[in-house]
Structures are given as C-alpha cells and as structure tokens.
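First up is the structure itself, then whatever we jot down about it.
The values are calculated or read from the model by the stated rules, or taken from the named source; none is laboratory data. Every value quoted in this text rests on a predicted model; they were computed, and no experiment measured them. No Cβ is skipped: glycine too gets one built from the backbone with ideal geometry, and neighbour counts run over all protein chains shown. For accessibility, only protein heavy atoms count, side chains too; no ligands or nucleic acids. Shrake-Rupley method; radii C 1.70, N 1.55, O 1.52, S 1.80 Å.
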Amino acid sequence: MAHCSRCLIPWGKYDGLYLIEVDRILRPGGYWILSGPPINWQDHWRGWNRTADDLKAEQDLIESVARSLCWKKVNQKGDLAIWQKPTNHVHCKINRKVFKKPLFCLEQDPDKAWYTKIDACLSPLPEVSSIKDIAGGPLVNWPERLTAVPPRIASSSIEGVTAEGFSKDTELWKKRVAHYKSLDSQLAELGRYRNILDMNAWLGGFAAALVDDPVWVMNVVPAEADVNTLGVIYERGLIGTYQSWCEAMSTYPRTYDFIHADSVFTLYQDRCEMEDILLEMDRVLRPQGSVIFRDDVDVLVNVKSIVDGLQWDSRMVDHEGGPHVREKLLIATKLYWTAPAPDQDKAMSLL
C-alpha cells in the first residue's frame, strides 16, 4: 500500500509521471490511498482557497490517469479515495488500444532505482497463464510470509539463489543473531534498541532473525552489490532501500541505535575510503549505540584502528565457527562525549 495525505503532489500532471512511479513500486493488487485535496472538494473547496471547478478538474485528471494505468477505484468515502493496481496486465495490454498513454516499457529493469530517471512508461508485470493469476506469484499471509520462499526466488529470478539456499540462509542468521546477543548485552536487552540499520542486508536474514524483538530494521541493498535482492526483502514483508556507502545516507544524525555491517568494507575496497564510510556511520549512530562488523580479519584490523580514533569502545572476537575462521567480528560502541568549550581549551593551555 502507498498512502499520500495532503502531500500536495500534482498527481495528474506531466502525463501522470508521478502516478506511473507509484505504479512501479506497488505490488500486483496493491493499493494507493489519497487523502486531502482534491478529494472531497465538494465539502472543502472554500477552506482550500481554490475554486470548485479547479479542484474538480484536478480530481478528474487523477481519475483519468488512474484508469490509464488500469487501476480500479475501490472506494471514496469522506476525505479518502482508494485505488487498486491490477493483479496482472492481461486486460491492461488489451486496453492499450483505448489508452494510448502510457505505453508499456520495452527496455527497462523496473527494479533499478538508484540515480534512475522516472520513465513515462508502464512497467509490465510478469506474464501469467490465467487472468486469475497474480503476476510474479502470490504471497502467503504474515507471519508465515517472513520465512516462506519468496516468489522471486521460487521462480529463479534471483541469480545464484535457490529455495534451499534461502532456507539455509534463514537458519544461519538465527544462529548468528543468537551469537551476537551473547556478545552484545545491549542487543540482547529487549527494548534497549529500536531503530536498526543493516548496511548489507542480502536476503534480509538478519532482520528476520530479530522478528520477535521489539525492533524494526532498515535493510540496505548496496547499489554496488552484484545481485539486487531488494525485491526479496519486500516479498518477505520487510522494508529496505538502496544506498551507496560511498555517499551520505539520506537521514538525519543519530537515526539508528544499532548498525550491522556484514562484509561492507570488503565490498567497498578500492571503491571509496574506509574512513569516509565510518564517519558516516558515526553520524547516523546514536551515542551509546553499538555496531557489529563482520569481515575478514585484515579488514577489521584497519577498521578497529579508525573507530578507536573516533573514541568508540571496540573489541575483536572470533567468528561463531571458531578461531580458525578468517572472518572475525568487531563489536563497537559509540561513546557519549562532547568537545570541551573553547574557554576550557584556553584555560588548559595556560596551565
């Protein structure tokens, strides 16, 4: 579901470009909900300081674009209007004879969304054998959805990932998170952390292993990753985003209570500076929040030298598989400290 409440976006303009993007990110059968202008303009137009004709024209344009996208208007009640995206494009391909725009995209990977311009074309849904089928495959209900094999994996759409591999990855992360909690008492303490960031989420196994804890996890799929797994993360009922860790994250300082960094620095070797990534981690991590780094021992030795300079408390420990595994863990906590006042610095220099 995508919800827009008084977001003041001109949804009907530019040949429906913004609604075309909403259509791209909605699942087959997903819903778009709009509240605020121009919905229910008949009751509110005077308070909105616009003419009734202007607001009616705006809603008519939105309705027209929605029909061109093959959306069905489910209901309008009070200040809410609800549309539903079709579960497949069988009828939609037929009615392109009526709606000349938007055309279906021809050469497009709809999953690409990092520095990608919005295309004024309709992202085609996967083919189905029957008009009653759900394009891409149906999802089971939550909470079974979290551990069921996602449709993208079941259909072999994710390179190198099988249903068996997915199930093994889920079990592996349950063991790893249990090990993490034995090493970091703050992670084990229910309620201590709430906002968690996984910098290299892969299939979302780390987040899935925390499902019974009162936390939420932002699962990041790096823009530089060899395989794009963000669709799998959402099919599991988790949330996530794309991010290049060579750039600043679009969030405010001290957003996260805990950060998980699995093989992040191996991935970004020779791409950008380790120090820059760690400084950005320091910016988005709350004071007294923790980080667990998982990487090659030589990489973590360099990471430790930098985080110690950031006045973090850190210690290196063995992999859960024992001391003979090259991959190690670095447990670090960002300490709470403030820079001395300028007058204090001057007084100390005089002493």
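Of all the residues that make up segment 1-55, how many are touching a strand residue (DSSP E or B) at 6+ places or on another chain (Cβ under 9 Å), among the charged types (D, E, K, R) and under 17 Å from Lys72 (Cβ atoms)?
Narrowing segment 1-55 to residues touching a strand residue (DSSP E or B) at 6+ places or on another chain (Cβ under 9 Å): 1-7, 11, 19-20, 22-26, 29-36, 39-40.
Restricting the remaining residues to those that are among the charged types (D, E, K, R) gives 6, 23-24.
Subset that is under 17 Å from Lys72 (Cβ atoms): 23.
Of the residues in that region, 1 qualify.
Taking only segment 295-345 into account, find how many residues are of a type in the set (Gly, Ala, Ser), assigned by the TED database to the domain that holds Trp173 and over 21 Å from Lys181 (Cα atoms).
Residues meeting the conditions: 2.
Within the group Val215, Val232, which residue is crowded, with 23+ Cβ neighbours inside 10 Å and over 23 Å from Lys328 (Cα atoms)?
Numbers: Val215 fails: crowded, with 23+ Cβ neighbours inside 10 Å.
Just one listed residue meets the conditions, Val232.
Collect the residues in segment 255-280 that are touching a residue at least 60 places away in the same chain (Cβ under 8 Å) and either open to solvent by less than 20 Å² (accessible area, probe 1.4 Å) or within 26 Å of Glu189 (Cβ to Cβ) (or both), keeping them in residue-number order. Walk me through how you get there before you give the answer.
Within segment 255-280, the subset touching a residue at least 60 places away in the same chain (Cβ under 8 Å) is 255-264, 267.
If the condition is that a residue be touching a residue at least 60 places away in the same chain (Cβ under 8 Å) and either open to solvent by less than 20 Å² (accessible area, probe 1.4 Å) or within 26 Å of Glu189 (Cβ to Cβ) (or both), then Thr255, Tyr256, Asp257, Phe258, Ile259, His260, Ala261, Asp262, Val264 are the ones that fit.
Restricting to segment 241-250, and then to whatever is open to solvent by 20 Å² or more (accessible area, probe 1.4 Å) and assigned to a strand (DSSP E or B), can you tell me which residue is farthest from Leu210 (Cα to Cα)?
Tyr242
Any idea how many residues of segment 114-131 are closer than 21 Å to Pro150 by Cα, touching a residue at least 40 places away in the same chain (Cβ under 8 Å) and either open to solvent by 80 Å² or more (accessible area, probe 1.4 Å) or within 23 Å of the chain's Cα centre (by Cα) (or both)?
Filtering segment 114-131 down to residues closer than 21 Å to Pro150 by Cα leaves 123-130.
From the residues that got through so far, the ones that are touching a residue at least 40 places away in the same chain (Cβ under 8 Å) too are 123, 125, 128.
After this cut, where a residue has to be either open to solvent by 80 Å² or more (accessible area, probe 1.4 Å) or within 23 Å of the chain's Cα centre (by Cα) (or both) as well, the list is 123, 125.
Residues meeting the conditions: 2.
If we scan segment 88-110, do we find a residue that is over 25 Å from the mean Cα position of the chain (by Cα), of a type outside the set (Phe, Trp, Tyr) and closer than 25 Å to Leu230 by Cα? First the steps, then the outcome.
The first filter runs over segment 88-110 and keeps only residues over 25 Å from the mean Cα position of the chain (by Cα), leaving 89-104, 106.
After this cut, where a residue has to be of a type outside the set (Phe, Trp, Tyr) as well, the list is 89-98, 100-103, 106.
Now narrow it down to the ones that are closer than 25 Å to Leu230 by Cα: 89, 106.
Yes; the residues of segment 88-110 include at least one that is over 25 Å from the mean Cα position of the chain (by Cα), of a type outside the set (Phe, Trp, Tyr) and closer than 25 Å to Leu230 by Cα.
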